[in-house]
Amino acid sequence: MSVRDSDTDPAFQKAGQSLTLDAITHRFGSATAVDDVTLDIRAGELVSLLGPSGCGKTTLLRIVAGFINQTMGRVIIGGTPIDDLPPNRRSVGIVFQNYALFPHLTVADNIAYGLAARGTDRAAQRVRVEEMLALVQMHRFADRYPRQLSGGQQQRIALARALAVQPRILLLDEPFAALDKNLRLDMQIEIKRIQKMSGITAVMVTHDQEEALGMSDRIAVLSQGRLEQFGTPSQIYDRPETLFVNTFVGTSNLLPGHLESSDATSCAVRLDDGLRLVLPRSAEKIVPGTAVLVSVRPDNLVFVDGGEGLAGQVELGMPLGTTIVHEIVTASGRTLKVSSARSAGAQPLASGTPIRVVPASLDAVQIFPAPKP
Ligand SMILES: Nc1ncnc2c1ncn2[C@@H]1O[C@H](COP(=O)(O)OP(=O)(O)O)[C@@H](O)[C@H]1O
Ligand SMILES: [Mg+2]
């Protein structure tokens with residue numbers, strides 16, 4: 001994708017450039033906040049940095065923006081290292097968690113701010129502000145002040161301001177944290193729409209797995225400054241590579257057991273609860289005989305009438321609209337969640353009902369080495 005510098009380009013022209021984080025490490029004093037992270041983000045992609053509080057997401061974003069100079073590694077935009085450039089020369093737009101709009105400026109002047117700062121002439125500023133107001137569907141609000149806008153509207157303006165200067169990369173730090181839960185989904189869809197339409201490369205920080213799964217082309221899962229996995233939402237959810245990713249993203253039941261055997265295409269696990277599972281994949285990184293944790297998502301456990309299965313009884317049943325979640329207790333006293341589609345009028349099983357469950361898909365069962373105690 002070629003570099004453009006005209007301020008009058010249509011808002012919808014594809015704008016994004018690739019972004020590479022090359023072996024980035026950052027230390028605050030002796031504490032390592034980012035630990036050797038490498039990511040290749042493609043032009044036009046929306047990538048989420050997902051992980052718990054304190055795992056280094058904001059630090060990485062600030063390194064890309066140029067507010068922090070990393071201890072080691074390189075930031076490369078569109079093939080060119082930019083580590084020597086100050087923040088205002090990196091062509092990176094940022095939307096902060098609290099939007100940080102200028103309270104004394106109108107919506108139009110907020111959007112024009114970056115253009116004015118770089119000396120764009122007034123006529124071109126007006127054109128660009130119009131384009132941006134149209135893009136975020138806020139044309140009627142040009143003369144309002146930020147305090148006269150709702151949270152969602154302020155966020156649109158913050159986005160319009162960030163995009164007005166035609167950055168090559170858009171950074172979003174927890175952009176939905178300040179919004180009501182029911183407005184959040186609307187804004188997630190809206191931001192995704194605007195991002196795709198403008199073609200900009202976007203990196204979004206979030207600790208919310210649903211947000212990351214719903215919006216991202218790819219997700220980088222971080223834990224304690226390290227990259228755990230970088231993949232599409234379905235790779236992250238269906239094929240977590242580490243126990244951390246498995247447990248941080250989605251809900252899972254973890255069942256302790258031992259690996260009995262493993263070959264090129266399958267492996268056998270004996271659960272402490274008795275059931276033996278043969279999974280259609282090699283457990284090549286695990287030594288047979290050692291302790292493992294087997295992960296089965298609640299929607300991959302089904303009730304069976306007889307035969308092999310984990311025996312137990314219903315503790316509690318919760319009808320949640322389109323699904324029913326049963327909490328069950330196995331014979332050995334382990335609590336598991338079972339989630340099933342709910343047809344109209346269906347009632348949960350009564351507490352105390354004896355049941356058996358098995359994984360519906362053995363392919364969707366994950367196996368990890370048990371963490372050292
Ligand atoms: N300016 C700073 N000085 C010292 N430590 C910091 C600073 N900023 C962040 N940290 C530490 O670096 C780690 C990562 O922080 P941060 O990137 O803000 O995490 P996240 O955004 O994932 O919540 C945390 O342990 C945090 O306390
Ligand atoms: Mg943060």
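The values are calculated or read from the model by the stated rules, or taken from the named source; none is laboratory data. Just so it is clear, the model here is predicted, and its values are computed rather than measured. All Cβ positions, even for glycine, are placed from backbone atoms using ideal geometry, and neighbour counts span all protein chains on display.
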Failed item, numbered, when Ser53 is tested on (1) in contact with a strand residue (DSSP E or B) (Cβ under 9 Å, 6 or more places away or on another chain); (2) under 24 Å from Leu213 (Cβ atoms):
(1)
From (1) buried (at least 20 other Cβ atoms within 10 Å of the Cβ); (2) more than 16 Å from ligand 1 (Cβ to nearest atom); (3) within 25 Å of Pro146 (Cβ to Cβ), pick out the condition that doesn't hold for Ile82.
(3)
Options Gly306, Gly333, Gly345: the member that is under 25 Å from Phe248 (Cα atoms) and either of a type outside the set (S, T, N, Q) or within 26 Å of the chain's Cα centre (by Cα) (or both):
Gly333
Residues in the stretch 146-157: is at least one in the same structural domain as Lys57 (by TED's automatic domain parsing), under 18 Å from Leu61 (Cβ atoms) and surrounded by fewer than 18 Cβ atoms within 10 Å (Cβ to Cβ)?
no
Give me a count of the residues in the stretch 100-157 that are charged (D, E, K, R) and closer than 23 Å to Lys196 by Cα.
4
Would you tally the residues in the stretch 348-362 being under 35 Å from the mean Cα position of the chain (by Cα) and either of a type in the set (Ser, Thr, Tyr) or surrounded by fewer than 12 Cβ atoms within 10 Å (Cβ to Cβ) (or both)?
1
Set Val47, Val75, Val37, Val64: member being closer than 11 Å to Leu222 by Cβ, buried (at least 21 other Cβ atoms within 10 Å of the Cβ) and more than 13 Å from ligand 2 (Cβ to nearest atom)
Val37
Determine if the stretch 106-117 includes at least one residue that is within 16 Å of ligand 1 (Cβ to nearest atom), within 19 Å of Ala202 (Cβ to Cβ) and not basic (Lys, Arg).
no
Going through the stretch 351-367 one residue at a time, which ones are outside any loop (DSSP other than H, G, I, E, B) and touching a Gly at 6+ places or on another chain (Cβ under 9 Å)?
Pro354, Ile355, Arg356, Val357, Val358, Ile367
Pairs, please: C-beta under 6 Å, at least 6 apart or cross-chain, first residue of a type in the set (Ser, Thr, Tyr) and in the stretch 279-294, second surrounded by fewer than 19 Cβ atoms within 10 Å (Cβ to Cβ)?
Ser282/Ala264
Could you tell me whether Ile94 is in the same structural domain as Asp173 (by TED's automatic domain parsing), of a type in the set (A, V, I, L, M, F, W, C), assigned to a strand (DSSP E or B) and modelled with pLDDT under 95?
yes
Starting from residues that are at pLDDT below 85 and basic (Lys, Arg), keep the ones in the stretch 174-203 and report whichever is farthest from ligand 2 (Cβ to nearest atom).
Lys181
Gly333 - would you say it is in a strand (DSSP E or B), over 25 Å from Ile236 (Cβ atoms), not acidic (Asp, Glu) and not assigned by TED's automatic domain parsing to the domain that holds Arg239?
no
